[in-house]
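Just below is one structure, and these are the notes that go with it.
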Amino acid sequence: MDFSTTTLTDLRDGMRAGSVSSVQATQAMLDQIAAVDGDIKSYITVSGEIALQQAAVADQRRADGDDTPLLGVPIAVKDIIAVDGVQMTAGSKILEGFVPPYDAFVVQKLKEAGAVIIGKTNTDEFAMGSSTENSAYFTTRNPHDLSRVPGGSSGGSAAAVAGGMAFGSLGSDTGGSVRQPASFCGVVGLRPTYGRVSRWGVTAFASSLDQVGTFGRTVADTTAVFQTIAGYDRRDSTSLNRPVPNYEAALTGNIKGLRVGVPAEYFVEGMDEEVETAVRTAIAHLEKLGAERVEISLPHTRYALPVYYLIAPAEASANLARYDGIRYGPRRKGENMIDAVKKTRALFGDEVKRRIMLGTYALSAGYYDAYYGRALKARTLIKNDFLTAFEQVDVIATPTAPTTAFKIGAKTDDPLGMYLADVFTLSLNLSASCGLSVPCGTDSDGLPIGLQLIGNTLQEATILNAAYAYEQSLL
Amino acid sequence: MITYEPIIGLEIHAELMSKSKMFCGCKVVDSVTAPPNTAVCPVCLGMPGMLPVINRQAVEFSIKVAIALNCDVQHHNIFARKNYFYPDLAKAYQVTQYEQPIGLNGWVDIELGTGETKRIRIRRVHMEEDTGKLTHENGRSLVDYNRAGVPLLEIVSEPDIHSGEEARAYGIKIRRILRYLGVNSGDMEKGVLRVEPNISLRPMGSTTFGTRTELKNLNSFRALADGSAYEIMRQETILRAGGAVVQETRGWHDSKRITFSQRVKEEAEDYRYFDEPDLPPLFVDEEWITAVAQTLPELPDAKLARYQIEYDLSPYDAAVLADEIRVATWFETAVTVNSAITPKTIANWVINALFRLMNNAKLTIDEISITPEQLVELLGLIADQTINQNSGRKVLDEMFETGKTAVSIIESKGLTQISDEDALAAIVAQLLADNADSVAAYCGGNKKVRGFLIGQVMRATKGKANPRLVNDLLTKALA
């Protein structure tokens, strides 16, 4: 078995059939990490020893007749999500060495499902970025072309799956941080509806936008991981107390009569032609599979980027103010208490500082109404755009990102250019929708292109099945 | 000469005695005695990814207070983040109600020294979380997060208060209500109840407000009254001299009895409030409010009125007994034990005898061993003339001391009243024979001697003689 190309579902079948063990699969992942991660750099922390122990336990449990959904499956976790007893840096020097004494809800769910946690993957600092170049540790490289970024902020999780170093992974998506790297790395990435997955234990960037998502090499793999982490958690007051459907069973491949909306605002002047062609071809392919194409409009799309860059930094400015070195994390010495805190906070990177400043400004007296207050109103308009659209269609199809993976360093001096990498993904976070990215071909350089499918509130099963139908038809 | 009118508004912060903290499962502990940082968890320490969950009991306590303070209880409650940096604030923002608090537009009536009452309007009551405590010693700063996240209720009055004594009366009233509701111990020294007046002066008749100062670290209502009075005097002196009051926070120096500048507010602080994205709006429906209203005890004003009407107590006695809910409850239990003993009799014994014993022993009503039933039993024994009043007081002393019942004390000490007429008549006859001089004086018109003679009888009987019988016998013998 070539573990670097084996899907999660195949591995699960293999373990159920007894042809492969979790220890073998886990060791294979660790071997692959040793072989390629020196170049790709997807992991910040590899907890190999713990993983092998968990794998051995999983094998024993299976021998004892246990068969929980992810029993023995090696999974990677973005380093913004807490794993009890394992360092969590959030890609920042300000949390270097911080070991949380708790599991995030999603990690607890993975463990209950029997998953093996291989390690913690690289991320832009506090998930702020679209390339992992803002990680305080190192930049992750795109497994398809080491000179290019994997996307971000969950670039480590996407690259780990694309590079055969995990069978699935968890990321977080505040403005596109799961879908955009999935697109760049040629894997599937799902961003569930806000509240579908608990944020307990997930380091906050922008609380009203953050949501944990899943990566897989296939739609079925992505779904299998999502199935285990979805659900209500009373410790997250924004989590939705709604039944969790059987998403895996919903992957029928039948999309006859599915109404697919194509918003004019997402096919704009200046976008990469190869991306546009690939996405339009994919939509035509969905039609061939029985879907009905509907031209739609999301008229307030152009406000999404400015609205996002007011709301997300505003919330971040409050969420990040706690990192002062007093209770946990590294502490720098100073002349006095306040000076020590100032010196500790100098550990934040430039992009984080930029967003804290932006957010602080947007919330300041005299500016609140003009910036944050207005952004909230515009957010409602954007949200309503989607609700109106979903009266006519079942899914909305767009490109995931305007380009394929760009060169490392190409946008590091151009924050606005970097922000534009998320222009197609961040509207969704401002709404109550869910979305995913599924590979839909490559450009002339062989770089993956992603098709974004957006669904209405809690309609993950619909978009996963549409993506599944598309993916299966290409085989 | 201009007369100045002092304008005072009060902010009261009351920690709620819920089982757990406002947003996490940590116990609410005594922040003075509990070892530092022993009632903390990742949530109240603000660790990454930790989220708040609203404490239902704390909300219920808040609804209780809002109802008791005659507020309109709000259905749509929103929590906001108040952003500011201080090491005792774990998340660097305080979760608090800003634009939509739990209670609006309330009032309480306060009792003035003149016996009149005055209505003080309450602007708002809102829920929030307390901060930790920072202490500086030997050049280092220590922080204890036990108190961080403890539910805190802020009660803001309108500027309807015009003197230190009114401020004190208002504070006492609020504390009494909080204690009646069982939501706060009222212990100002421990900081579970913190009172901060905003004080300004304006020329009488003016409709605009003068520059105000805010007074902090008042650890008693006496300090509130005296600090406010001092501040009024200080501001008046400045204004009369043509000066200007500086807007600032001032502290009260309890031993020097003066206020001193703590922090000058050059510009309004910008807390960058915004709705707490981790907490959806909290909807408090009418049904919930009604259910909570039904759990409210009889409140101080109602109790005070009822004691006077139903129990025929004087306003003073009623106020003394209704001051503390535990005393009131103890007293009311006693009233129900034996209908032959009037509430007035019980009130007299509680106020004049029991309180004296409690004061001497420095015990509260919860700490004494005498039960209401035991006191009423004693009063029954006095009423049926088993013992006389004097013996009754001695018996009560011993009950208080030893925890024994009245009956056992009376038996063991042989205090049963001598009501045997023949026996007493013999004693009286003997005494009159022994004190022929006194008898002669009495017959000669010195009526005072009668008291001496009664005293002699009581002495001879060790105080056990039935006084009425002694009186009758003497009358007969001296006729």
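The values are calculated or read from the model by the stated rules, or taken from the named source; none is laboratory data. Keep in mind it's a predicted model, so treat the numbers as computed, not measured. Cβ placement follows ideal geometry from the backbone for every residue including glycine, while neighbour counts extend to all protein chains displayed. To get the accessible areas, we keep the full protein, side chains included, count just its heavy atoms, and leave off ligands, DNA and RNA. Shrake-Rupley method; radii C 1.70, N 1.55, O 1.52, S 1.80 Å.
Summary table below
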{"item": "Pair list, Cβ < 9 Å and 6+ apart or interchain, from the range B:38-59 residues that are within 12 Å of chain A (Cβ to nearest Cβ) and over 23 Å from A:VAL83 (Cα atoms) to residues that are among the charged types (D, E, K, R) and open to solvent by 10 Å² or more (accessible area, probe 1.4 Å)", "result": "B:ASN55/B:LYS19"}
{"item": "Residue within the range A:382-390 that is open to solvent by less than 60 Å² (accessible area, probe 1.4 Å), over 30 Å from B:LEU134 (Cβ atoms) and facing chain B (nearest Cβ under 10 Å) present", "result": "no"}
{"item": "All positions within the range B:307-364 that are assigned to a helix (DSSP H, G or I) and either outside the structural domain of B:GLY403 (by TED's automatic domain parsing) or of a type in the set (Asp, Glu) (or both)", "result": "B:GLU310, B:ASP317, B:GLU332"}
{"item": "Number of the condition not met by A:PRO101 [criteria: (1) under 30 Å from A:ASP350 (Cβ atoms); (2) open to solvent by 10 Å² or more (accessible area, probe 1.4 Å)]", "result": "(1)"}
{"item": "Residues located in the range B:27-37, provided they are more than 14 Å from chain A (Cβ to nearest Cβ), of a type outside the set (Val, Ile, Thr) and within 21 Å of B:PRO87 (Cα to Cα)", "result": "B:ASP30, B:SER31, B:ALA34, B:PRO35"}
{"item": "Test: residue in the range B:453-460 that is outside any helix (DSSP H, G or I), open to solvent by 60 Å² or more (accessible area, probe 1.4 Å) and modelled with pLDDT under 85", "result": "no"}
{"item": "Residue match in the range B:43-51 (condition: among the β-branched types (Val, Ile, Thr), closer than 27 Å to A:ALA340 by Cβ and open to solvent by 10 Å² or more (accessible area, probe 1.4 Å))", "result": "yes"}
{"item": "Among the residues listed as A:LEU170, A:LEU209, the single one being part of a loop (DSSP other than H, G, I, E, B), under 20 Å from A:THR238 (Cα atoms) and in contact (Cβ under 8 Å) with a residue 12 or more places away in the chain", "result": "A:LEU209"}
{"item": "Qualifying residue in the range B:184-191 (condition: over 30 Å from A:ALA340 (Cβ atoms), under 24 Å from the mean Cα position of the chain (by Cα) and not in a loop (DSSP other than H, G, I, E, B))", "result": "no"}
{"item": "Checking A:THR403 against (1) in contact with a helix residue (DSSP H, G or I) (Cβ under 7 Å, 6 or more places away or on another chain); (2) assigned to a helix (DSSP H, G or I), the condition it does not meet", "result": "(2)"}
{"item": "Number of positions in the range A:89-109 that are touching a helix residue (DSSP H, G or I) at 6+ places or on another chain (Cβ under 8 Å), farther than 19 Å from A:GLY168 by Cα and outside any helix (DSSP H, G or I)", "result": "4"}
{"item": "Tabulated pairs, the range A:77-91, first surrounded by fewer than 24 Cβ atoms within 10 Å (Cβ to Cβ), second assigned to a loop (DSSP other than H, G, I, E, B), C-beta under 6 angstrom, 6+ apart or interchain", "result": "A:ASP84/A:TYR102; A:ASP84/A:ASP103; A:VAL86/A:SER47; A:GLN87/A:VAL99"}
{"item": "Any hit, the range A:181-196, residues being under 25 Å from A:GLN472 (Cβ atoms), open to solvent by 10 Å² or more (accessible area, probe 1.4 Å) and away from chain B (no Cβ under 14 Å)", "result": "yes"}
{"item": "Residue in the range A:217-227 that is of a type in the set (Ser, Thr, Tyr) and farther than 23 Å from A:ALA461 by Cβ present", "result": "no"}
{"item": "Residue satisfying condition, being among the aliphatic types (A, V, I, L, M), in contact (Cβ under 8 Å) with a residue 12 or more places away in the chain and surrounded by fewer than 20 Cβ atoms within 10 Å (Cβ to Cβ), within set A:ALA340, A:ALA362", "result": "A:ALA340"}
{"item": "Some residue of the range B:310-319 being within 14 Å of another protein chain (Cβ to nearest Cβ), among the aromatic types (Phe, Trp, Tyr) and surrounded by fewer than 19 Cβ atoms within 10 Å (Cβ to Cβ)", "result": "no"}
{"item": "Residues of the range B:89-113 classified as out of contact with any Lys or Arg (no Cβ under 6 Å at 6 or more places or on another chain), open to solvent by 30 Å² or more (accessible area, probe 1.4 Å) and within 14 Å of chain A (Cβ to nearest Cβ), total", "result": "2"}
{"item": "Residue that is farthest from the other protein chains (Cβ to nearest Cβ) [pool: residues in the range A:110-133 that are in a helix (DSSP H, G or I) and surrounded by fewer than 24 Cβ atoms within 10 Å (Cβ to Cβ)]", "result": "A:GLU112"}
{"item": "Residue identified as of a type outside the set (A, V, I, L, M, F, W, C), open to solvent by 10 Å² or more (accessible area, probe 1.4 Å) and touching a Lys or Arg at 6+ places or on another chain (Cβ under 9 Å) among A:SER157, A:SER147, A:SER172", "result": "A:SER147"}
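For every residue, the table says whether it meets (1) at pLDDT below 95; (2) under 23 Å from the mean Cα position of the chain (by Cα); (3) hydrophobic (A, V, I, L, M, F, W, C).
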{"residue": "A:ALA316", "(1), (2), (3)": "no, yes, yes"}
{"residue": "A:LEU320", "(1), (2), (3)": "no, yes, yes"}
{"residue": "A:ARG327", "(1), (2), (3)": "no, no, no"}
{"residue": "A:GLY334", "(1), (2), (3)": "yes, no, no"}
{"residue": "A:ILE338", "(1), (2), (3)": "yes, no, yes"}
{"residue": "A:ARG345", "(1), (2), (3)": "no, no, no"}
{"residue": "A:GLY349", "(1), (2), (3)": "no, yes, no"}
{"residue": "A:ARG354", "(1), (2), (3)": "no, yes, no"}
